[in-house]
Amino acid sequence: MLVVIIIGMLAAMVVPRLVGRTEQAKIARAKSDLSAIGLALDLYELDIGRYPESLDELVAKDAPSGVAEGTTWNGPYLKKGLPKDPWGRSYEYQRQSQHNQDYDISSPGADGKPGSDDVTNWD
């Protein structure tokens, strides 16, 4: 009986500390993904001279149509494919930034709706 009480007390101390860590880990992973996608976008722009219309161009094996002759193509720029955000959704990309960036990349966060829990490249 004493052992059960001790285990219960230890669980009562440890479990509350671990509860919020899952969401923090997901946010950290989303920020890491945004950095990796951002690096791939910048490399694409260095080679092609413009940012892609969509993130799908980062995983293409061949250069997009309309690329100037003699342009260096080093794709695919994301070799493992486009990652999903930690909540299972696609990252959102806008070539024309609304936040004084070269581009906007974001995840709507856990609730899937724009709001305060979004993970973005402009914050």
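Distances between placed amide hydrogens fall under 5 Å for VAL119 paired with SER107, GLY109, all partners being 5 or more residues away or on another chain. With Cα atoms defining each centre, segment 22-52 and segment 82-123 are spaced 10 Å apart in the structure. Given only helices, namely DSSP H runs of n ≥ 4 each adding -39500 (n - 2.57), what is the per-residue ellipticity at 222 nm of the chain, to the nearest 500 deg cm²/dmol? Mean residue ellipticity, 222 nm, calculated: -13000 deg cm²/dmol. Given axes a ≥ b ≥ c from the Cα gyration tensor, I'd like to know whether segment 66-123 is rounded (a/c under 1.5), prolate (a/b larger than b/c) or oblate. Oblate, because a/c is 1.5 or more while a/b does not exceed b/c.
Rounded to the nearest 10 degrees, the inclination of helix 2-19 to the longest alpha-carbon principal axis of the chain is 30 degrees. Rounded to the nearest whole Hz, the Karplus-based 3J(HN,Hα) values (6.51 cos²θ - 1.76 cosθ + 1.60, θ = phi - 60°) of segment 63-76 follow the sequence 4, x, 5, x, 7, 4, 4, x, 6, 7, 10, 10, x, x, with x at glycine and proline. In terms of surrounding Cβ atoms within a 10 Å radius of their Cβ, ILE6, ILE27 rank from fewest to most as ILE6, ILE27. The charge dipole of segment 23-116, taken about its Cα centre with unit charges on the Cβ of Lys, Arg, Asp and Glu (plus for the first two, minus for the last two), comes to roughly 400 debye. Look at the dipole of the chain built from charges on Cβ: of ALA40, LEU58, ALA28, the Cα furthest out on the positive end belongs to ALA28.
All of the numbers you see were taken from the coordinates with simple rules; none came from a lab. What you see is a predicted model; the values in this text were computed from it and never measured. Every residue, glycine as well, gets a Cβ built from its backbone with ideal geometry; the counts of neighbours run over all protein chains shown.
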